Amino acid sequence: MTKRYEAEMFGLPIIMRHDYEDAEILAKINSYRNRSIDSLDKFLTNVPGSENFSSFLDIGAGDTHDMEHFKSLHPHYDVKGIDFFLEDWEYTDDLIKMDWYKIGQSLPQKDVIYINHSLEHSANIYKLMEAVVKCHTKGGVLFIAVPDGNSPFGYSITSSTTHFSVLTEGFLNTTLQRFGYNVAVEKREFREGSPELWAFAIKQS
C-alpha cells in the first residue's frame, strides 16, 4: 500500500515513500496536519493586527489538505500553496508548481506563511528564508514545523533521503531572528520517540 518514488533532487538520487493509500495512516497524518493548522489559528488570535490579514501561503504544500483546513477556519483568506518536488499532485490555480526559492520574485506578499515539514527538504535554508522574507508582509505570521534534530527522527540518514538539514531549536531561533522574526519554538510529540519543533514567528522588519 506504500508508494515508493525514485527520482533526483538537485542532481542527487532520492527515494520518497508515501503511505497515503493506507486509509488508517492517512487518517493519522491528516489528524496531525489539522492540529498544526489549529495551533497556527490559535496563535493568530493573539497576533496584533491579524484581524486584517487576508492571505495564506503553504510552502511545500504537497496536496491541498492543510490549505483547505485553513480555508474552513478563514473563508475570507486568499489561500495558495506551492510545490515543485514530485508530480504527485494536481496543480490548480490555488496549488501552483513553483520553485520555492523564487516566491519572492513571483508572488505578491502574503500575511501568513506556513512551512510544515518542508524546511528540512530545502538544500539551502538561507536562500529559502531570503525568499520567504521578500514574500512576507511586515507584522505577518510564519509557522514552521520540522523534525527535532536532537532526536533520531531528525537525522536524514534515519528518516528520509530527501532531508538536507538537521534542525534544532537553537538553529531555528537564531536563523529566524537573523531574518527579522520574533520567534518562539515549542517541542511537540508527533509520534512516540519522534519529537518535532514548531516555530511561531512574527515578522518584525
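Values quoted throughout were computed directly from the atomic coordinates according to the rules given, and no laboratory measurement underlies them. Everything numeric here is computed off the predicted structure, so don't read it as measured data. Note: ideal-geometry Cβ built from the backbone for every residue, glycine included; neighbour counts use all protein chains shown.
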Name the single residue that is surrounded by the most Cβ atoms within 10 Å (Cβ to Cβ) among those in the stretch 27-55 being in contact with a His (Cβ under 7 Å, 6 or more places away or on another chain) and not charged (D, E, K, R).
37
What are the residues in the stretch 46-62 that are more than 11 Å from residue 140 (Cα to Cα) and touching a strand residue (DSSP E or B) at 6+ places or on another chain (Cβ under 9 Å), if any?
57, 58, 59, 60, 61, 62
